[in-house]
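This report concerns only the one structure given below.
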Amino acid sequence: MWVYEKKLEYPVRVSGPNAKLAKTVITQYGGPDGELAASLRYLTQRYTMPTSQAKGVLTDIGTEELAHMEIVAALVYNLVKGATISEIKAAGMEGYYADHDRALYFVNGDGVPWIASYIQSKGDPIADLHENMAAEEKARATYEHLINLSDDPLVTDVLRFLREREVVHFQRFGETLNIVHDFLNCRKVW
Amino acid sequence: MRAPVNREELLLRIQALQFTAVDLGLYLNTHPNDTRALADYNQISAALAQTRAAYEQAFGPLMNFGQSQSRCRWAWVDEPWPWEA
């Protein structure tokens, strides 16, 4: 089961309202390479991982991604909190505002809602772990794009932390892939 | 109460205590001034911590991310996982 800890994994502050930046950062909430996709992908793949270590890695990284989802939510929430209607319009966020006001919803930067086909759970641990390594690199690239777009140094600081975590997760998934390879090679000949 | 002798029995006690805490917690969210429920919650919480400590001493960590200590070797990745019935 899960329990909730009433704190963020990394502190979040923003310099002020910034609807334009919120509109792009939200893609890491509900976009194709965002934190919802990451956490659900790992937490659903873990059941059929063949080794206990792999189950642990997916459980832990899937759980950390939930914490990252919360960090991205905190960024978006604070960036749109004080934004005026004219700032929301200028940011091209009026369609989002019509449906959600300033509430959090799982969409990408263009307002496309999250879909389960962003993720896969193949039942083949080699395929799944390769997908996860690719997912971490795609998320890293997305954070780099967001850092390029950011005009708020406080937001950039948080994005840098999240980018670093993608690098670490990629490393751990690579090691897990080796562990699973060794395990499968001991048992099967194709 | 007789001291629990095996993993399943200890785990069942933790599940019972924690479920009580979950349910009392939900109740307290909407009844924050109910002193009787609050006293029950605190009592259950202490019993839960004690039972959890006994379990972890014998069978390894229940929680990740620094919430539980581990003996050497790192026992977090040891079987069984909870969905393996």
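No value in this document is a laboratory result; all are computed from the given coordinates. In this text, all values refer to a predicted model and were calculated from it rather than measured experimentally. Using ideal geometry, Cβ is built from the backbone for each residue, glycine included, and neighbour counts are taken over all protein chains shown.
With +1 on each Lys and Arg Cβ and -1 on each Asp and Glu Cβ, and nothing else charged, work out how big the dipole of chain B is about its Cα centre, in Debye to the nearest 20. Write down the numbers at each step before the final one.
Details: 7 positive and 9 negative charges, 53 e Å.
Charge dipole, chain B, about its Cα centre: 260 debye, nearest 20.
Return the subset of A:LYS20/A:LYS81; A:LYS20/A:LYS138; A:LYS7/A:LYS81; A:LYS7/A:LYS122; A:LYS6/A:LYS81 for which the Cα-Cα distance in this structure is over 24 Å, preserving the input order.
Over 24 Å Cα-Cα: A:LYS7/A:LYS122.
Sort A:108-114, B:58-64 by packing, meaning the average of other beta carbons within 10 Å per residue, with the highest value first.
A:108-114, B:58-64
Just to confirm a number: summing +1 for Lys and Arg and -1 for Asp and Glu over residues other than A:ASN18 whose beta-carbon lies under 15 angstrom from that of A:ASN18, what do you get?
+2
Quick one: compute a quarter of the convex hull surface over the Cα atoms of region A:98-190 and quote it in nm².
Details: hull surface 32.5 nm².
Computed as one quarter of the Cα hull surface, the answer is 8.1 nm².
If you fit an axis through the alpha-carbon atoms of helix A:52-81 and take the longest principal axis of the Cα set of chain A, what angle between them do you get, 0 to 90°, nearest 10?
Helix A:52-81 and the main axis of chain A meet at about 0 degrees.
Could you please report the charge total around B:GLY60, scoring K, R as +1 and D, E as -1 over all other residues with beta-carbon less than 9 angstrom from its beta-carbon?
-1
For chain B, what does the convex hull of the Cα positions come to per residue, in cubic angstrom?
Per-residue hull volume (Cα only) is 119 Å³.
May I ask which residue of B:PHE65, B:GLN43, B:LEU26 lies farthest towards the positive end of the charge dipole of region B:1-77, with charges of +1 (Lys, Arg) and -1 (Asp, Glu) on Cβ and the Cα centre as origin?
B:PHE65
Using only C-alpha atoms and all pairs of different ones, pull out the Kirkwood radius for the protein assembly as shown in Å with one decimal.
Final number for the Kirkwood radius of the protein assembly as shown is 21.2 Å.
Pairing the Cα long axis of helix A:125-149 with the longest principal axis of chain A, what angle in degrees results, from 0 to 90 and rounded to the nearest 10?
20 degrees
For chain A, calculate the relative contact order in percent as a whole number, restricting contacts to Cα pairs under 8 Å that are 6 or more residues apart.
Values: 255 pairs, mean separation 59.6, N = 190.
Computed value for chain A: 31 percent relative contact order.
Please go through region A:1-35 and write out the trypsin sites (Lys or Arg not before Pro) that DSSP classes as loop and that have at most 14 other C-beta atoms within 10 Å.
A:LYS6, A:LYS7, A:ARG13
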